[in-house]
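Student: Quick one: structure below, then a few questions.
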Amino acid sequence: MTAVTQSDSTILIIDDNADTIRLLSAMVRGQARVLFATNGAAGIDIARLQRPQLILLDVEMAGMDGFAVCDVIRRDPALRSSAIIFVTAQSSPEAEIACLDAGAVDFIPKPLNAAVVQARVRTHLRLQAALATLDGLAHQDGLTGLFNRRHFDSQLATEFARHRRHGMPLGLALVDVDHFKLYNDQYGHQQGDACLKAVAGAIREGARRPGELAARYGGEEFVVLLPNTRREELLTYGDWLCSRVTMLDLPHPTAPTAPAVTISVGLCSMLPAEGDTPEALLHKADMALYEAKAAGRNRGVVAGPD
Ligand SMILES: Nc1nc2c(ncn2[C@@H]2O[C@H](COP(=O)(O)OP(=O)(O)OP(=O)(O)O)[C@@H](O)[C@H]2O)c(=O)[nH]1
């Protein structure tokens, strides 16, 4: 494997012929960072590590051929966003159709023509960039820029299973803006939206540890997923999050709690065991949030140990 040039995109060439690799690299090196592998298995390993936008895949290779490599890559969810272009000397319509049916996005015929290769690569890099943007938007909340509920739900399921496998405690914080109806009544919906954006910013910047994920759970409710976090660590986290929002100093004169916008936080940590569900973790955090509201708001409450 070698890096030929640096750019935002990465192209992986998988080919067992060194001359073809040299030729293809020279043709596309101005368009992206170029990596290469000289057999299918090594190519798959590099793809998993480097997540290239494009893979230029030789069909006829000794050992694992291009179709077998394509099959492994297409089945790997982690490589969903890597597009495959087959490179082959077989240019019959049947061969072309077989490449596309195997899951490739395109087909480059040999002998290689530099202008054709570059045009195809340019087009697919552009498409890949557009897809990546769309993919990002599909996971984002439009108002606050935090992750949306759908993304959170899927990450929660993944993390719950991972924490169960590794015997680690998974923490969760449910955040609700206090007396937000009164805020909207006082300032109008538009300023209410601006307030939610500011609160979301404070929550996002507070999610500093690797793997922490902040999302908008709905309306004026947010959620933070806290990997490998014990109950004791949550005791200060909730109040710390509250203080981050208080420090925004957003006036809220009609709120009975305080003259500024505040939040309440319900927290829970669970060591997931067989039979436990993500819903149970959410439910416990929700109950703790209810307690925080009932106890006067602007505070964090951690669900008790079982
Ligand atoms: N501006 C704005 N308001 C929203 C949005 N989503 C929900 N809301 C408002 O948030 C308010 C939530 O009110 P409630 O659930 O009664 O709770 P609250 O007034 O915050 O009171 P407590 O939660 O008990 O402290 C409602 O008035 C909703 O209309 C949004 O996207 N933008």
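Only the coordinates and a few stated rules stand behind these numbers; no lab work does. Please read these numbers as outputs of a predicted model, since none were measured by experiment. Ideal geometry is used to build each Cβ from the backbone, glycine not excepted, and the neighbour counts take in all protein chains shown.
Student: Can you work out the PRE-style zone for Ala258? Point 7 Å along Cα to Cβ, and I want the residues of the stretch 144-188 with backbone N under 13 Å.
Tutor: Taking a point 7 Å out along Cα→Cβ of Ala258, the residues of the stretch 144-188 whose backbone N falls under 13 Å are 177-179.
Student: For the pair Leu131 and Thr158, what calculated FRET efficiency results from E = 1/(1 + (r/R0)^6), where r is the Cβ-Cβ distance and R0 = 22 Å, to the nearest 0.05?
Tutor: Efficiency computed from Cβ-Cβ geometry: 0.55.
Student: Dividing the alpha-carbon radius of gyration of the stretch 10-138 by 2.2 N^0.38 Å (N being the number of residues), what value is obtained?
Tutor: That ratio works out to 0.97.
Student: Under a point spin-label approximation (7 Å from Cα along Cα-to-Cβ), what is the Asp193-Glu232 distance to one decimal in nm?
Tutor: Spacing of the two 7 Å Cα→Cβ label points: 4.6 nm.
Student: Arg149 to Ala89: extension gain in nm, 0.36 nm per residue of separation minus the Cα-Cα distance? Present the calculation step by step, with values, prior to reporting the outcome.
Tutor: Numbers: separation 60, 0.36 × 60 = 21.60 nm, distance 4.75 nm.
Gain in length upon complete extension: 16.9 nm.
Student: Roughly speaking, what is the stretch gain from Arg74 to Asn113, that is 0.36 nm per residue apart minus the C-alpha to C-alpha distance, in nm to one decimal? Numbers along the way, then the final one.
Tutor: Values: separation 39, 0.36 × 39 = 14.04 nm, distance 2.71 nm.
Taking 0.36 nm per residue and subtracting the Cα distance, the gain is 11.3 nm.
Student: Return the FRET efficiency for the residue pair His283, Arg51: r is the Cβ-Cβ distance, R0 is 35 Å, and the value is rounded to the nearest 0.05.
Tutor: The value I calculate is 0.45.
Student: log10 I(q)/I(0), Debye, Cα-only the stretch 149-302, no solvent, q = 0.12 Å⁻¹?
Tutor: -0.48
Student: If you take every DSSP beta bridge whose two residues both sit in the chain, what share of them, in percent to the nearest 5, is antiparallel?
Tutor: Beta bridges within the chain, antiparallel portion: roughly 50 percent.
Student: For labels at Asp276 and Ser243 in the simple 7 Å Cα→Cβ model, what's the distance in nm?
Tutor: Distance between the two pseudo-spin positions: 2.9 nm.
Student: Also, quick follow-up: Relative to the compact globular guide of 2.2 N^0.38 Å, what is the alpha carbon radius of gyration of the chain, as a ratio? Walk me through the numbers before you get to the answer.
Tutor: Numbers: Rg = 25.5 Å, N = 306, 2.2 N^0.38 = 19.4 Å.
So the Cα radius of gyration is 1.32 times the expected 2.2 N^0.38 Å.
Student: Defining a contact as two alpha carbons under 8 Å apart and six or more residues distant in sequence, what relative contact order in percent does the chain show?
Tutor: On the way: 552 pairs, mean separation 40.6, N = 306.
About 13 percent, as a whole number.
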